[in-house]
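Presented below is the structure to which this report refers.
The values are calculated or read from the model by the stated rules, or taken from the named source; none is laboratory data. No experiment lies behind these values; they were computed from the predicted model shown. A quick note on method: Cβ atoms are made from the backbone with ideal geometry, for glycine too, and the neighbour counts reach across all protein chains shown. Protein only, heavy atoms only, side chains kept; ligands, DNA and RNA dropped before computing areas. Shrake-Rupley method; radii C 1.70, N 1.55, O 1.52, S 1.80 Å.
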Amino acid sequence: MKLPIKNTFTTELPSDSITENYTRQVENACFSYVNPIQTAQPKLVHANAAVGQLLGLNPSDLTSEEFVKIFTGNEILPNTQPYAMCYGGHQFGHWAGQLGDGRAINLAEVFHQNQTWAIQLKGAGPTPYSRRADGLAVLRSSIREYLCSEAMYYLGVPTTRALSVALTGDLVSRDMLYNGNPKNELGAVVCRVAPSFIRFGNFEIFASREDHKNLQLLTDYTIKHHYNHLNHLSETERYLAFFKEVCDKTLTMVTHWQRVGFVHGVMNTDNMSILGLTIDYGPYGWMDDYNPKWTPNTTDNQHKRYRFENQPHICLWNLLQLANALYPLINEAKPLEDILGNFQNAYQQAYLHMMKAKIGLYETDNNDAFLIQELENKLTLQEIDMTLFYRQLGNLFESENEVNFQTFSTLIESAFYTLNDLKVHQPAWENWFQLYQNRLQKETLTPTERKQKMDAVNPKYVLRNYMAQLAIDDAEKGDFNLVNELFEMLKNPYNEQPQFEKWYAKRPDWAKNKVGCSQLSCSS
């Protein structure tokens, strides 16, 4: 098994002068060299052939003993030195100082078909940034990350990818509910893949220490390798254009989150990708019933800073922190403020365009924002499954026949967690449907064309928390069939897939308050 290695991060940026692996403050460096730990008995749970192909691996490579050893950290790729990145971050709105790759170890960069991919193991052991933690991960969180990153990719959401998930053969102690009752769980390692794992926090740590030399080195490196179309600009123009593009990519990412009902759960600045990718899948979740104030993170349960409706605002807040970090390179606040000032208007426009597509509206109408707000108000009156509602709405247009409220209510009732709620709120829904029907008169698409376009933005299948938990429950007993089934289904989330119809359903009652199905902790 050969990989086309071309390391740039470690050859062009400064390394930690200390080579021993112990917890410490790391200064004047972008990374520290550190090797993964040896595991007792590595065993592959699942490997992703599509991501392997991106790296230049053949399907046969993914089943080899060498693959399992390398991507669990038990062997080092030839001519490489694994490393952990140094970065800081704001956690829940407060500066936390140095954070860094506490349980992630980067193996190398691969250059294949004119694209660079960074390969990273999560759960491969402690690093100088592990603080009081062990740098390990458990099977439940590893399966969730593996499945989710690929689910997001096929939904069309910018994201890191996943190459593999494997058991280590070791037990890892975790207090999942933070209630003083730790227990041993199965250890695991996920191999994550992305063009880069650089975060907002990589820039913040240098700015916080007034290390402007390394701040500039890192910024120039990032632009050179990931925004190289900006290299022709003058220095200040280049940094401003870079920041503007990071804002644009972040806006695109969060608009997709809102489209599919995804809640990240831990939108700290150290979890924000400089490439606008969804990164670090911890206590995430898809909204089952439409509740804009929902967060899957138990740590955030009181203040709900990272709730669904607040995600765009948090992106802007995080971008402000990035602007503050880049300011020493620009020494002028107004251009940065102007870029940030445009974010809100740009998001509102992007959100309106996205929501119009979800309900099948493509012509211009000044009342569309009102129509969408009225719909969202109705959705919060009762428990309505977000994914089912929008997908069922597209089914109004399966035929060329004129639709009426009876047709509409019959279709959407399957999305109601309590069917009587539709009757209770029927006048409100009738009023909205009349507005919607009137608005549809201005559209030029045929009903069939409209359904096709709506189905392309409203997924039929998403990775609901209870589904992932069922796969985890089986996997912890040594049965990985459900992991494979969900993996295959989630590769085509917009298709009907009759063989997976059982997953096109509301969250079951038993999962509403079950640990791992409703809310999750950051414990991994």
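Per residue, segment 378-420 exposes an accessible area of 41 Å² to a 1.4 Å probe, with every protein chain left in place.
Nonpolar atom fraction for the chain, defined as the carbon and sulfur part of the 1.4 Å probe accessible area, stands at 48 percent.
Please name whichever of His232, Thr39, Pro328 sits farthest to the positive end of the charge dipole of the chain, dipole taken about the Cα centre and charges placed at Cβ: Lys and Arg +1, Asp and Glu -1. My answer, from the dipole projection, is Thr39. Residue by residue, segment 313-329 carries 3J(HN,Hα) couplings of 5, 5, 4, 5, 4, 5, 5, 4, 5, 5, 4, 4, 5, 7, 3, x, 7 Hz when phi is fed to the Karplus relation 6.51 cos²θ - 1.76 cosθ + 1.60 (θ = phi - 60°); x denotes Gly or Pro. Note that segment 26-65 presents 49 Å² accessible area per residue, ligands and nucleic acids not counted, probe 1.4 Å.
Across the chain, Cα pairs under 8 Å and at least six residues apart give a relative contact order of 14 percent.
Between rounded, prolate and oblate, where does segment 1-57 land on the alpha carbon gyration tensor, with a ≥ b ≥ c its root eigenvalues, rounded for a/c under 1.5, else prolate if a/b exceeds b/c? Since a/c reaches 1.5 but b/c is at least a/b, the shape of segment 1-57 is classed as oblate. Could you give the angle, 0 to 90 degrees to the nearest 10, between helix 426-440's Cα long axis and the longest principal axis of the Cα atoms of the chain? Approximately 80 degrees, to the nearest 10.
Using the Cα gyration tensor of segment 52-210, with a ≥ b ≥ c the square roots of its eigenvalues, what is the shape: rounded (a/c below 1.5), prolate (a/b larger than b/c) or oblate (neither)? Taking the square roots of the gyration eigenvalues as a ≥ b ≥ c, segment 52-210 is oblate. Rounded to the nearest 20, the size of the Cβ-charge dipole of segment 278-333 about its Cα centre is 140 debye, with Lys and Arg at +1 and Asp and Glu at -1. Farthest toward the positive end of the dipole of the chain, out of Ala475, Gly360, Gly285, is the Cα of Ala475, where the dipole comes from beta carbon charges about the Cα centre. The trypsin sites (Lys or Arg not before Pro) found in segment 113-144 that occupy coil by DSSP, while having at most 16 further C-beta atoms within 10 Å, are Arg131, Arg132. The string of couplings for segment 184-201 from the Karplus curve (6.51, -1.76, 1.60, θ = phi - 60°) is 6, 10, 5, x, 8, 9, 9, 9, 9, 9, 7, x, 6, 9, 5, 10, 3, x Hz, one whole number per residue in order, with x for Gly and Pro. Taking label points 7 Å from Cα along the Cα-to-Cβ direction, Gln53 and Leu320 give a separation of 4.4 nm. Separation of the alpha carbons by more than 18 angstrom is noted, of Lys293/Lys356; Lys2/Lys69; Lys122/Lys491; Lys356/Lys378; Lys249/Lys491; Lys213/Lys249, for Lys293/Lys356; Lys122/Lys491; Lys249/Lys491; Lys213/Lys249. Surface listing: Tyr227, Tyr290, Tyr362 arranged by accessible area from highest to lowest gives Tyr362, Tyr290, Tyr227, probe 1.4 Å. Database remark: amide H of Phe31 closer than 5 angstrom to the amide H of Asp16, Cys86 (H placed geometrically; neighbours at sequence offset of 5 or more, or on other chains; Pro and chain starts carry no H).
Each Lys and Arg adds +1 at its Cβ and each Asp and Glu adds -1 at its Cβ; summed about the Cα centre, the chain shows a dipole of about 440 debye. The chymotrypsin sites (Phe, Trp or Tyr not before Pro) of segment 175-222 meeting both criteria, a DSSP state outside H, G, I, E and B (loop) and at most 13 other C-beta atoms within 10 angstrom of the site's C-beta, are Tyr178. Taking all Cα pairs closer than 8 Å and separated by 6 or more residues, the relative contact order of segment 1-40 comes to 37 percent.
Projected onto planes of every orientation and averaged, the convex hull of the alpha-carbon atoms in the chain covers 24.8 nm².
Among the trypsin sites (Lys or Arg not before Pro) within segment 7-76, those in coil by DSSP and having at most 16 neighbouring Cβ atoms inside 10 Å are Arg24.
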